[in-house]
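The values are calculated or read from the model by the stated rules, or taken from the named source; none is laboratory data. Everything numeric here is computed off the predicted structure, so don't read it as measured data. Quick reminder, even Gly has a Cβ in these numbers, built from the backbone with ideal geometry, and neighbours come from all protein chains shown.
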Amino acid sequence: MFTGLIADLGSVTALERSDAGATVEVSTLLARELTDGDSIAVNGVCLTATNIHDGSFQAQAMAETLERSSLGALTAGASVNLELPLRVGDRLGGHVVQGHVDGTGTVTEIREEGFARVLAIEIDPRLQRYLAEKGSVAVDGVSLTVSALHERGFDVSLIPETLARTNLGAIAEGALVNVEVDIIAKHLERLIDASPDPLSATAQRS
């Protein structure tokens, strides 16, 4: 589990693709805190670190991950947001982020509002129902607040700290980003849609 608070900006130093997936190598100071088999979020996608060296690690992404996320469009030299998993007892400073990307979005507009920068992001209409104004959303692994909803997506406002510490500070219109909606919204939908209530049915038979 993650919180959407980015710990470091890594750099993709190598990328090998095949029909089965891809192996990515990332340069980062966080490699010093990793051991083989540890989880790490790369642009919001939970991957398993392998072949760890003093300043880099490798991770494999299967074909389904490449298709569902923006990792399929990565190139050598790209900057990626990195986060280590939450430890028991750590502060939950962002929101609950699983690293299970629900889909991608496209940045359709970037505008300045005071010291903030607003990104308008277009998403798959099927994800729209999980978003609420002032609710949480993860964009490329960054925990953000939905500042506005519109017909084809949503807006997020980025403060200077977020712009400086994540790759969203250099993002351009037309860029593809990973989107993970709030897991609580998905669970609520599942509970509401579930019928009949299995617990009630069990109680009635007892």
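A Cβ distance below 6 Å, combined with a sequence gap of six or more or placement on separate chains, defines the contacts here; from region 38-59, residues that are hydroxyl-bearing (Ser, Thr, Tyr) reach residues that are outside any strand (DSSP E or B) and surrounded by fewer than 16 Cβ atoms within 10 Å (Cβ to Cβ) in the pairs SER39/PRO85; THR50/ASP36.
Any residue in region 66-95 that is surrounded by fewer than 16 Cβ atoms within 10 Å (Cβ to Cβ) sitting within a Cβ distance under 6 Å of a residue that is assigned to a loop (DSSP other than H, G, I, E, B) and at pLDDT 90 or above? List the pairs, counting only those 6 or more apart or interchain. Between residues of region 66-95 that are surrounded by fewer than 16 Cβ atoms within 10 Å (Cβ to Cβ) and residues that are assigned to a loop (DSSP other than H, G, I, E, B) and at pLDDT 90 or above, the close pairs are LEU92/THR3; GLY93/THR3; GLY93/LEU5.
For region 136-168, residues that are within 15 Å of the chain's Cα centre (by Cα) and small (Gly, Ala, Ser) total 4.
With respect to the conditions (1) among the small types (Gly, Ala, Ser); (2) modelled with pLDDT under 95; (3) closer than 19 Å to ILE6 by Cα, ALA170 lacks only one, and its number is (2). Number of residues in region 24-49 that are of a type in the set (S, T, N, Q), part of a loop (DSSP other than H, G, I, E, B) and within 22 Å of SER143 (Cβ to Cβ) equals 2. Inclusion of ILE192 among residues that are under 16 Å from the mean Cα position of the chain (by Cα), surrounded by fewer than 19 Cβ atoms within 10 Å (Cβ to Cβ), at pLDDT below 95 and not acidic (Asp, Glu) is not warranted.
How do the strands (runs of 3 or more DSSP E) wholly within region 140-181 filter down when requiring 1 or more residues that are out of contact with any Pro (no Cβ under 7 Å at 6 or more places or on another chain) and under 21 Å from LEU84 (Cβ atoms): which remain?
Fully inside region 140-181 and qualifying: 142-150, 176-181.
The residues of region 31-56 that are of a type in the set (A, V, I, L, M, F, W, C) and farther than 24 Å from THR104 by Cβ, listed by number, are ALA31, LEU34, ILE52. Exactly one residue out of GLY21, GLY44 is buried (at least 16 other Cβ atoms within 10 Å of the Cβ), outside the structural domain of GLU180 (by TED's automatic domain parsing) and touching a helix residue (DSSP H, G or I) at 6+ places or on another chain (Cβ under 6 Å), and it is GLY21.
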